[in-house]
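Heads up: the structure comes next, in structure tokens.
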Amino acid sequence: RSEQELKEEEMELFTQYYAQWKGGRAGGNPSYSNIPRFYYRLPAEDEVLLQKLREESRAVFLQRKSRELLDNEELQNLWFLLDKHQTSPMIGEEAMINYENFLKVGEKAGPKCKQFFTAKIFAKLLHNDPYGRISIMQFFNYVMRKVWLHQTRIGLSLYDVAGQGYLRESDLENYILELIPTLPQLDGLEKSFYSFYVCTAVRKFFFFLDPLRTGKIKIQDILACSFLDDLLELRDEELSKESQETNWFSAPSALRVYGQYLNLDKDHNGMLSKEELSRYGTGTLTNIFLDRVFQECLTYDGEMDYKTYLDFVLALENRKEPAALQYIFKLLDIENKGYLNVFSLNYFFRAIQEQMKIHGQEPVSFQDVKDEIFDMVKPKDPYKISLQDLINSSQGDTVTSILIDLNGFWTYENREVLVASDNDSTADVDDT
């Protein structure tokens, strides 16, 4: 027989045996026929009708979910019922409710509230009350928070063009741009500054929530972090000046960051060269570190744009955070080995020693600094410092400051003198 005939026979036998095996499996366990479909192919770009159908069905689904949430009138009614069924005695001015009355309110509050009136939620909010009661205010705040989270999730999902539970950079930009008119604290912003404000706000989300730089963030991650709370805090018309200064999303903060960028841009070409960036902060970042920034970060003809600058600022202003340490660690890891050894530490500290000579200071021995760094970090391997070692030590901000910034090293080296002078000034204030 020819080779072709043998192949055909082989395929026929294979098909026969496979059909028998498959039939036997299905017959052996009836549940196999009930397994639900778990994969749905997304419409291709040229399948316009399927795409439109999917968008419309998602919009209808989100509208239905939105209608299931408590509105303001229903929340007011819930508060009235809770207040009516409070259980005496009060603790100070705080009204309490026992489990029996809690269930009565659940019956009267309506079907939308049913999910909140469970034994599990009551137990969660129970804190050492001698009468086995929970605080009405705490419970109501819990309900409000849950409703807000669902509302916000639905709001964010409307911008999820892919419908996969995450937002791309352009999706989040659209969300924040349309949010600006609803935030009284941003009323004073010029419309010409909107694009820069949106870029500034979006970068914080992506810097901390997309460490692998995939270009998308899960909606769940956005809800879980505090950034959205900070952004929506700008709805408060009476937000204190102090809160505005510490809030990355406030108008003064965004204008500060963009103003710094413009001040550094001496040739006014909209980009920063290495020489321009060297004046950042106190102007004491080492040339070696700045070289690494321009080697590793995205640049255009050797110059840095505003978006790349924002990542740089977020890293240096938040050196205690794992995402910021990851950014700086990548720059310090010159051999791309995934750890810092004595060679890489010496490579960066030499630049600190050179700056000290320029400023007429007596250079410090690298051996001493190296020992101090290893003592602070206490790495698993006594000769290598990994990113995780830095994060676990809670000393990552101090270690990175020692290696990249003369001012940071000087602050660490003179920490005892600075603490003593702080104590003296505090004593003077007490005396007055």
Task: For the chain, calculated [θ]222 nm from helices alone, where every DSSP H run of n ≥ 4 adds -39500 (n - 2.57) - done: -19000 deg cm²/dmol
TODO: Enter the accessible area per residue of the chain (Å², integer; probe 1.4 Å; all protein chains in place).
DONE: 61
- [ ] Read phi for every residue in region 374-384 and hand back ³J(HN,Hα) as whole Hz from Karplus 6.51 cos²θ - 1.76 cosθ + 1.60, θ = phi - 60°, with x for Gly and Pro.
- [x] 5, 5, 5, 7, 6, x, 4, 8, x, 10, 9
Task: Amide proton proximity set for Tyr166, modelled H, under 5 Å, gap of 5+ - done: Ile219
Task: Under the Karplus curve 6.51 cos²θ - 1.76 cosθ + 1.60, θ = phi - 60°, whole-Hz ³J(HN,Hα) for region 8-19, x wherever Gly or Pro sits - done: 5, 5, 4, 5, 5, 5, 4, 4, 5, 5, 5, 4
Task: Given charges at Cβ of Lys, Arg, Asp, Glu: the chain dipole, positive-most of Phe139, Asn101, Val342 - done: Asn101
Task: Rounded accessible area of Arg213 (nearest 10 Å², 1.4 Å probe) - done: 110
Open item on the list: Need one value: the accessible area of Lys104 in square angstrom, 1.4 angstrom probe, rounded to the nearest 10.
Closed with: 90
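Kindly flag which residue pairs out of Lys112/Lys216; Lys65/Lys108; Lys52/Lys112; Lys204/Lys241 have an alpha-carbon separation exceeding 27 Å in this structure.
Working: Lys112/Lys216 33 Å; Lys65/Lys108 22 Å; Lys52/Lys112 31 Å; Lys204/Lys241 21 Å.
Where the Cα-Cα span goes over 27 Å, the pairs concerned are Lys112/Lys216; Lys52/Lys112.
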Open item on the list: From zero outward in steps of 20 Å, how is the percent of C-alpha pairs of the chain spread across the bins?
Closed with: 17, 37, 32, 12, 1, 0
Open item on the list: Heavy atoms only, 1.4 Å probe, whole protein assembly: order Asp291, Asp267 by accessible area, highest first.
Closed with: Asp267, Asp291
Task: Restricting region 80-136 to chymotrypsin sites (Phe, Trp or Tyr not before Pro) in coil, as DSSP defines it, with at most 12 other Cβ within 10 Å - done: Tyr131
- [ ] Leaving ligands, DNA and RNA out of it, work out the accessible area of Glu362 with a 1.4 Å probe and give it in Å² to the nearest 10.
- [x] 150
Open item on the list: Relative to 2.2 N^0.38 Å, what does the C-alpha radius of gyration of region 67-153 come to as a ratio? Two decimals please.
Closed with: 1.05
Task: J(HN,Hα) series, region 213-228, from Karplus relation 6.51 cos²θ - 1.76 cosθ + 1.60, nearest Hz, glycine and proline x - done: 6, 7, x, 8, 10, 5, 4, 4, 5, 4, 5, 6, 8, 8, 4, 5
Open item on the list: At 1.4 Å probe size, with the rest of the protein present, what percent of the exposed accessible area of region 131-193 is carbon and sulfur atoms?
Closed with: 53
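The values are calculated or read from the model by the stated rules, or taken from the named source; none is laboratory data. Since the structure is predicted, the reported quantities are computational estimates derived from the model, not experimental observations. Glycine gets a Cβ as well: all are built from the backbone with ideal geometry, and neighbour counts include every protein chain shown. To get the accessible areas, we keep the full protein, side chains included, count just its heavy atoms, and leave off ligands, DNA and RNA. Shrake-Rupley method; radii C 1.70, N 1.55, O 1.52, S 1.80 Å.
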